[in-house]
Amino acid sequence: MANRKFRAILIKPSHYDSDGYVIQWWRSTIPSNSLASVYGLILECAAAKTLGPDVEIEVEAYDECNTIISVKGAIRRIRRAGCGFVGLVGVQSNQFPRALDLARQFRAAGIPVAIGGFHVSGCLAMLSEMPPDLREALDLGVVLYAGEAEGQMDVFLRDMAAGTTKPIYNYMTDLPQLAAATYPTLPPETVARVAGHYTSFDAGRGCPFQCSFCTIINVQGRKSRYRTADDVEGIVRANAAQGITRFFVTDDNFARNKNWEPILDRLIELRERERFSIRLMLQVDTLCHRIPGFIEKAARAGCTAVFIGLENINPESLLGAKKRQNKIWEYREMFQAWKRARVMTYAGYILGFPTDTHESIARDIEVIKQELPVELLEFFFLTPLPGSEDHKNLSARGVPMDPDMNNYDLEHACTAHPAMSKQVWERVYADAWRRYYSDEHIKTIMRRAIATGINRTKILDALTVFSGAVRIEKVHPLQFGFGRRKIRTQRRSGLPVSNPLIFYPWRILDLLTALFKWWRLIRRYRAIMARILAESGAAENYVDAALQPVAADSADNLVRMFADLIPKTYGAPKHSVTAGNY
Ligand code: B12
Ligand code: SF4
């Protein structure tokens, strides 16, 4: 009979907005796979009675992006259990200041705290010296966890329960195999806080490429580690038993998962034979259309949306960032292949490569709008993320970088650009969103979507969210949720807690203004869609340059524009390419 308790409270911290309030929502849009992974591992230890036959391990999981954390409540529940800890899970660099603020409160109450995730792992993997924020955490008595926890959680929990934890657990050189590894899982009440009832899993980790701005390869490695089709079936069945059949597959590059085919075949079987209504969102690279059968099988397996790292259209920038695998002469064909499969495409575009200028970016976005049939384009600042080669090199050369980790959210300029001042770069970022999500281009995207059979409601909703997140809520769509919440007392340390007489009237006005702007935007986009649909038959028959096939002898403007740079790119077409004649 269990008669002792050990309570693990897992929190995936969010980060702060520019006023110092935690970015959190009534419902978030993307689930946290890090939280699901660590939760699954602790559940497994609970079932295995890792802490002894008389100890019951209880575990709670909260994503701060959709849940207001009661620090006092958590302290009370751990004290009531008699033993336990707070795990700050999947902490990215931009979330580290928030994680430290939470840790400080728990440590002040004597509660053990551990922090894991990409910031700790990336810093320990790439830097020769411990950065100040990690040192501060250690000084507070926080345990730092680097590397993956599959196969290691029992040791960690035993140390926690015995009060014998080491300051740092570093498993960076001991990455686990994922075949038959513990499944990521979350309790239904946690999943219910994500709009659309999505959950997530990783079918693999690691990526073979070498992009210099990327942290993933230095944390998860360049070798593909992957789950088996049996594992994925197990994950899907376990979730389906709780009524969850929508998944964000978090592999950074599912197309390079060595097991992609057996996994997709199994999902197709579940959909077509057993009628599971599986929906998938995948992340893939720009060469995925070259893999025979990949796109067709992804669509049959239930993929309705893909994220693609386009990053830039200038081959020189791509080469500079070691993103040699991105071939701009293939972009249009790749998007068209997804369109044929009726899958909506989201592409990431990085602003601030060394050759970028205000003018060149404006020109490039116009070319993308005309030439590439991508639906959602999302912009990021080129950011030296801790854990990336770029960060390591800048650090080694002593180049100044923003010391405030809260700004490493890819929405801020964190280091100097050779051609643009900070102000110009910020303007470029704001302009990029404005240019791409102009009403005129919204109309074009809708027309292309209708002509290629993409779900109309989905495209309308996605465009509304992407356009409104940045304009109205002032956050990147990847951080967006529904119903912004700001808690007066949960403000960044060092900033004053507002007087209630000032805070609440300001919040009401803030909320009403946002609601009004959303209402206007929704109405406007619906009216655009209605007008397109009213053009009887025209919408279905719509054609423009982006929807037309790229003929081998008459390439698009995109290729012509960069023709002189293409031959320098690895894997460039064999035939000669000269400006204006491709
Ligand atoms: C899914 C994902 C998201 C999702 C959900 C976030 C999440 N963590 O689940 C969404 C779309 C919301 C997202 C958003 C962003 N993301 Co993101 N995201 C990812 C992605 C693709 C997968 C995360 C994941 O599930 N990894 C697998 C898990 C299992 O690994 P893990 O987190 O390291 O956890 C393991 C260990 O670290 C350890 N561990 C972790 N925590 C703890 C705690 C304890 C107590 C213990 C013992 C162990 C432990 O055990 C876990 C299991 O092995 C990663 C890339 C990647 N390959 O990881 C990027 C990544 C984490 N994201 C990144 C970034 C920059 C962002 C954004 C800032 C950028 C943006 N605008 O998109 C926003 C931030 C918004 C926010 N507030 O979250 C960067 C972070 C780099 C860094 N140094 O900070 C990454 C690494 C990608 C990159 N570009 O390099 N992201
Ligand atoms: S393709 Fe994506 S995951 Fe792979 S190294 Fe480049 S940025 Fe990182």
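Between a first residue in segment 157-168 that is hydroxyl-bearing (Ser, Thr, Tyr) and a second residue that is surrounded by 11 or more Cβ atoms within 10 Å (Cβ to Cβ) and assigned to a loop (DSSP other than H, G, I, E, B), which pairs have beta carbons less than 8 Å apart while being 6 or more apart in sequence or on different chains?
Thr165/Pro112
Do we have Val86 as of a type outside the set (Ser, Thr, Tyr), assigned to a strand (DSSP E or B) and within 16 Å of ligand 1 (Cβ to nearest atom) here?
Considered against the rule, which asks whether it is of a type outside the set (Ser, Thr, Tyr), assigned to a strand (DSSP E or B) and within 16 Å of ligand 1 (Cβ to nearest atom), Val86 comes out as yes.
Can you confirm whether segment 19-37 contains a residue that is under 20 Å from Met153 (Cβ atoms), in contact with a helix residue (DSSP H, G or I) (Cβ under 8 Å, 6 or more places away or on another chain) and of a type outside the set (A, V, I, L, M)?
Here is the first cut: in segment 19-37, the residues under 20 Å from Met153 (Cβ atoms) are 32-37.
Filter once more, so that each one left must be in contact with a helix residue (DSSP H, G or I) (Cβ under 8 Å, 6 or more places away or on another chain): 35.
From the residues that got through so far, the ones that are of a type outside the set (A, V, I, L, M) too are none.
Looking through segment 19-37, none of the residues is under 20 Å from Met153 (Cβ atoms), in contact with a helix residue (DSSP H, G or I) (Cβ under 8 Å, 6 or more places away or on another chain) and of a type outside the set (A, V, I, L, M).
Would you mention how many residues in segment 262-315 are part of a helix (DSSP H, G or I) and within 16 Å of ligand 2 (Cβ to nearest atom)? Can you show your working first?
Residues of segment 262-315 that are part of a helix (DSSP H, G or I), as a first pass: 262-272, 288-290, 294-300, 315.
Next, from what is left, pick out any that are within 16 Å of ligand 2 (Cβ to nearest atom): 288-290, 294, 315.
Number satisfying all stated conditions: 5.
Within the group Leu478, Leu515, Leu463, Leu495, which residue is within 28 Å of Tyr21 (Cβ to Cβ), loosely packed, with under 13 Cβ neighbours inside 10 Å and touching a residue at least 12 places away in the same chain (Cβ under 8 Å)? Steps first, please.
Values: Leu478 fails: loosely packed, with under 13 Cβ neighbours inside 10 Å; Leu515 fails: touching a residue at least 12 places away in the same chain (Cβ under 8 Å); Leu463 fails: loosely packed, with under 13 Cβ neighbours inside 10 Å.
Sole residue among the options that is within 28 Å of Tyr21 (Cβ to Cβ), loosely packed, with under 13 Cβ neighbours inside 10 Å and touching a residue at least 12 places away in the same chain (Cβ under 8 Å): Leu495.
Sort through Leu127, Leu157, Leu140, Leu88 and tell me the only one that's among the hydrophobic types (A, V, I, L, M, F, W, C), in contact with a Lys or Arg (Cβ under 9 Å, 6 or more places away or on another chain) and crowded, with 21+ Cβ neighbours inside 10 Å.
Sole residue among the options that is among the hydrophobic types (A, V, I, L, M, F, W, C), in contact with a Lys or Arg (Cβ under 9 Å, 6 or more places away or on another chain) and crowded, with 21+ Cβ neighbours inside 10 Å: Leu88.
Working only within segment 316-360, note down all residues that are more than 16 Å from ligand 2 (Cβ to nearest atom) and over 20 Å from Ile445 (Cα atoms).
Glu316, Trp329, Pro354, Thr355, Asp356, Thr357, His358, Glu359, Ser360
Among the listed residues Ile57, Ile23, identify the single one that is buried (at least 21 other Cβ atoms within 10 Å of the Cβ) and either closer than 28 Å to Arg246 by Cβ or touching a Gly at 6+ places or on another chain (Cβ under 6 Å) (or both).
Numbers: Ile57 fails: either closer than 28 Å to Arg246 by Cβ or touching a Gly at 6+ places or on another chain (Cβ under 6 Å) (or both).
The unique qualifying residue is Ile23.
Give the residue, chosen from Ala181, Ala229, Ala162, Ala146, that is at pLDDT 95 or above and within 14 Å of ligand 1 (Cβ to nearest atom).
On inspection, the qualifying residue turns out to be Ala146.
Is it true that Lys12 is closer than 30 Å to Arg491 by Cβ, buried (at least 19 other Cβ atoms within 10 Å of the Cβ) and of a type in the set (Lys, Arg)?
yes
For Asp159, state whether it is acidic (Asp, Glu) and within 16 Å of ligand 2 (Cβ to nearest atom).
So Asp159 fails the test.
Within the set of pairs 6+ apart or on separate chains, which have a first residue in segment 28-51 that is without any contact (Cβ under 8 Å) to a residue 60 or more places away in the chain and outside any loop (DSSP other than H, G, I, E, B), a second that is within 16 Å of ligand 2 (Cβ to nearest atom) and among the aromatic types (Phe, Trp, Tyr), and C-beta atoms under 6 Å apart?
As it stands, the answer is none, since no pair meets every condition given.
Do we have Ile111 as over 23 Å from Arg488 (Cβ atoms), more than 8 Å from ligand 1 (Cβ to nearest atom) and buried (at least 18 other Cβ atoms within 10 Å of the Cβ) here?
yes
In segment 305-316, which residues are farther than 30 Å from Lys458 by Cα and surrounded by 23 or more Cβ atoms within 10 Å (Cβ to Cβ)?
To start, the set of residues in segment 305-316 that are farther than 30 Å from Lys458 by Cα comprises 314-316.
Result: Pro315, single match.
Considering each residue of segment 232-257, count those that are charged (D, E, K, R), in contact with a Ser or Thr (Cβ under 8 Å, 6 or more places away or on another chain) and either more than 13 Å from ligand 1 (Cβ to nearest atom) or at positive phi (or both), and give that number.
1
Consider Lys422 carefully, then state whether it is within 27 Å of Gly468 (Cα to Cα) and either out of contact with any helix residue (DSSP H, G or I) (no Cβ under 8 Å at 6 or more places or on another chain) or within 16 Å of ligand 2 (Cβ to nearest atom) (or both).
Details: within 27 Å of Gly468 (Cα to Cα): yes; either out of contact with any helix residue (DSSP H, G or I) (no Cβ under 8 Å at 6 or more places or on another chain) or within 16 Å of ligand 2 (Cβ to nearest atom) (or both): yes.
It is true that Lys422 is within 27 Å of Gly468 (Cα to Cα) and either out of contact with any helix residue (DSSP H, G or I) (no Cβ under 8 Å at 6 or more places or on another chain) or within 16 Å of ligand 2 (Cβ to nearest atom) (or both).
For a quick check of your reading: which helices (runs of 4 or more DSSP H) sit entirely within segment 327-441 and have at least 2 residues that are under 23 Å from Leu127 (Cβ atoms), of a type in the set (D, E, K, R) and touching a residue at least 12 places away in the same chain (Cβ under 8 Å)? Give the steps one after another, and end with the answer.
Details: elements: 328-340, 358-371, 389-396, 422-436.
Once the helices (runs of 4 or more DSSP H) in segment 327-441 are filtered for at least 2 residues that are under 23 Å from Leu127 (Cβ atoms), of a type in the set (D, E, K, R) and touching a residue at least 12 places away in the same chain (Cβ under 8 Å), what remains is 389-396.
In segment 23-35, which residues are more than 7 Å from ligand 1 (Cβ to nearest atom) and either out of contact with any strand residue (DSSP E or B) (no Cβ under 7 Å at 6 or more places or on another chain) or within 12 Å of Ala149 (Cα to Cα) (or both)?
Selection gives nothing.
Name the single residue that is nearest to Pro386 (Cα to Cα) among those in segment 202-226 being more than 12 Å from ligand 1 (Cβ to nearest atom) and among the aromatic types (Phe, Trp, Tyr).
Here the answer is Phe209.
Across segment 229-251, which residue is surrounded by the fewest Cβ atoms within 10 Å (Cβ to Cβ) among those that are outside any strand (DSSP E or B) and within 16 Å of ligand 2 (Cβ to nearest atom)?
Once the filter is applied, the top-ranked residue is Thr250.
Just checking, how many residues over segment 1-26 are assigned to a strand (DSSP E or B) and small (Gly, Ala, Ser)?
Counting residues in segment 1-26 that are assigned to a strand (DSSP E or B) and small (Gly, Ala, Ser) gives 1.
The values are calculated or read from the model by the stated rules, or taken from the named source; none is laboratory data. Everything numeric here is computed off the predicted structure, so don't read it as measured data. FYI the Cβ positions are ideal-geometry reconstructions off the backbone, even for glycines, and counts take in every protein chain you see.
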